[in-house]
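A quick write-up on the structure given underneath.
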Amino acid sequence: MAKSDDCVHILQGLLVFGNVVIGMCGIALTAECIYFVSNPHGLYPLLKTTENSDIYAAAWIGIFVGLALFALSILGIIGVIKASRTLLMVYIILMLITFAFEMASCITAATHRDSLTPQLLLKQMLERYQNSEPANNSDSEVTKTWDELMLQNHCCGVQGPSDWQEYTSAFRRTHSDADYPWPRPCCVLDAQGLPVNLDGCKLGVPGYYNSNGCYDAISGPVNKHAWGVAWFGFAILCWTFCVLLGTIFYWSGIEY
Amino acid sequence: LPTPPARLPYVPHVPPGALLGKVTATTFALERPRCVFDGHADASDAVWLAVAFANASGAFRNPPSRAEVPPYKQLPTARSYMTLETAAAAYSCSAPSPPVLRVGSDTACRDQGRQDPCNGPLPSPGPYRVKFLLMGCSGPKAETRWSEPILLRRALSPSTIEPAPARHGSAVVVIASILASLGAVLASAVLGALGAKVWGFLCHRDLGTDAFIRRSYRTHHIPPALPQPLRPGCGWSPPGLCHSAPQPPAPC
């Protein structure tokens, strides 16, 4: 019958198109998660020590889910065109598993977006920065990360240099308050890496020290990436849901 | 009998401007007095800063000569000391100079245990009171008034920081609930489709009529049966030939 043939062809066309979009989105998701995991802002040591590295786990899952989506979309296209029940059943089951993994990654990324609070970072910085008796290797990594962060973003502490004055710290145990009210990277440095005006920096004269905190420089990129992984994953899942429903309907109509 | 030093009305104070480090845990800054000692100071005179605990400032006695100036090391016992010896010319009206003085900036003074007057960091939060003292060859010539008590910073331990529990925004709830419902719908759709097929298979229903998607129909080609060749005398009488007496057919 010509009419039902047309309907079938339309359904096949829609499913092929849906699978093409899933494949491309899978590649995009893999690319985004690889970019995030490659640690472009050097913030991974900070997140690891605050036990907030679940965002990285979500990104790792996103990499493999993206590749799986691409492979499965090809399988789906072949199965739809050949109208093969076995191929489509395999496709549906594997897609459901991928759906479940992407759901987990998405929810994890969304949950951990808000868990990086200033107090958490402040406590970790005070306890680990320039720790002279490092409990393990992560303390020296924290110190290196903070130094680079303060030098590149021209910031000091989490909320400002007063963090070093309001609280005692591991830094304070080895550096006297009179010589180092705050660490040297908080001073405005010249091309050789020396403070432009050391006394001005120690006194807190505006222009010779960095008065803003580093919290925005940390939470900004992390939140952006977590949001990207979460919402892009959510969009892919909604589209995949529609394609899968169509595929199930198509599969149930194939005669044996 | 030495004349008592002239009392100048100037009150030392912490600089009023926005300086983040003007009071730290072991140091503090003072606004540099300008034009305060003009008229009292000679070229050879020196201006000292006397620092005392706020409750010991009343008991402070000006030293009669430079040799008897209490050094930094005596602060724990004498509850006061003098430091920041500067030529009086540095405080005159025309002297270009940085606008603040920093008390406690010389850590070598404390670490090396020096006996001479130096500017070591303050050991406790205080509070402290300061005054400037103009000393000449024969003793103190002028003094300012005592400052208001200056309290240094006290630092808290980082264990007092309570990491605030993260409040999950409503977006997380939206994402989680929508995804969970999508997953449930999908799972039930797959189970429903599978179940319908299995049930139909078990009831031996003809499924061919339900299917709307037909694959290429592979027909089994049955060739039409060809007529068998004629065998004469096998009990088959050709039409038109009449025999008088029908004979039973002979076996072939």
Has segment B:103-113 got at least one residue that is more than 7 Å from chain A (Cβ to nearest Cβ), on the phi > 0 side of the Ramachandran plot and not in a strand (DSSP E or B)? yes
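Is it fair to say A:ASN223 is surrounded by fewer than 20 Cβ atoms within 10 Å (Cβ to Cβ), part of a loop (DSSP other than H, G, I, E, B) and in contact (Cβ under 8 Å) with a residue 24 or more places away in the chain? If you could, list the steps in order and put the result at the bottom.
Values: surrounded by fewer than 20 Cβ atoms within 10 Å (Cβ to Cβ): yes; part of a loop (DSSP other than H, G, I, E, B): no; in contact (Cβ under 8 Å) with a residue 24 or more places away in the chain: yes.
The answer is no for A:ASN223.
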Residue hits (segment B:8-30; within 14 Å of chain A (Cβ to nearest Cβ) and hydroxyl-bearing (Ser, Thr, Tyr)) are B:THR24, B:THR26, B:THR27
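Within segment A:36-64, work out how many residues are over 25 Å from A:ASN137 (Cα atoms) and in contact (Cβ under 8 Å) with a residue 40 or more places away in the chain. If you could, list the steps in order and put the result at the bottom.
Taking segment A:36-64 first, the residues over 25 Å from A:ASN137 (Cα atoms) are A:61-64.
Applying the additional criterion that residues be in contact (Cβ under 8 Å) with a residue 40 or more places away in the chain yields A:61-62.
Qualifying residue count, segment A:36-64: 2.
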Residues in segment B:141-151: is at least one within 27 Å of A:PRO206 (Cβ to Cβ) and surrounded by 15 or more Cβ atoms within 10 Å (Cβ to Cβ)? yes
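In this structure, is A:ALA59 over 30 Å from A:TYR250 (Cα atoms) and either not in a helix (DSSP H, G or I) or not assigned by the TED database to the domain that holds A:GLU148 (or both)?
Working: over 30 Å from A:TYR250 (Cα atoms): yes; either not in a helix (DSSP H, G or I) or not assigned by the TED database to the domain that holds A:GLU148 (or both): yes.
Here the answer is yes, as A:ALA59 does meet what is asked.
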Check whether at least one residue in segment A:139-162 is small (Gly, Ala, Ser) and touching a Lys or Arg at 6+ places or on another chain (Cβ under 8 Å), and report yes or no. no
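Condition check: surrounded by fewer than 18 Cβ atoms within 10 Å (Cβ to Cβ) and either without any contact (Cβ under 8 Å) to a residue 24 or more places away in the chain or in a helix (DSSP H, G or I) (or both). Does A:ALA68 satisfy that?
On the way: surrounded by fewer than 18 Cβ atoms within 10 Å (Cβ to Cβ): no; either without any contact (Cβ under 8 Å) to a residue 24 or more places away in the chain or in a helix (DSSP H, G or I) (or both): yes.
In short, no.
Does any residue of segment A:177-193 turn out to be among the polar types (S, T, N, Q), more than 10 Å from chain B (Cβ to nearest Cβ), in a loop (DSSP other than H, G, I, E, B) and surrounded by fewer than 22 Cβ atoms within 10 Å (Cβ to Cβ)?
Of the residues in segment A:177-193, the ones among the polar types (S, T, N, Q) are A:192.
Among the residues that remain, those that are also more than 10 Å from chain B (Cβ to nearest Cβ) are: A:192.
Within this subset, residues satisfying the condition of being in a loop (DSSP other than H, G, I, E, B) are A:192.
Filter once more, so that each one left must be surrounded by fewer than 22 Cβ atoms within 10 Å (Cβ to Cβ): A:192.
Looking through segment A:177-193, at least one residue is among the polar types (S, T, N, Q), more than 10 Å from chain B (Cβ to nearest Cβ), in a loop (DSSP other than H, G, I, E, B) and surrounded by fewer than 22 Cβ atoms within 10 Å (Cβ to Cβ).
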Which condition number in (1) in contact with an Asp or Glu (Cβ under 8 Å, 6 or more places away or on another chain); (2) buried (at least 21 other Cβ atoms within 10 Å of the Cβ); (3) facing chain B (nearest Cβ under 10 Å) is the one that A:GLU102 fails? (1)
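The values are calculated or read from the model by the stated rules, or taken from the named source; none is laboratory data. On a predicted model such as this, the values are computed, not experimentally measured, just so you know. Neighbour counts run over all protein chains shown; Cβ positions are idealised from the backbone, glycine included.
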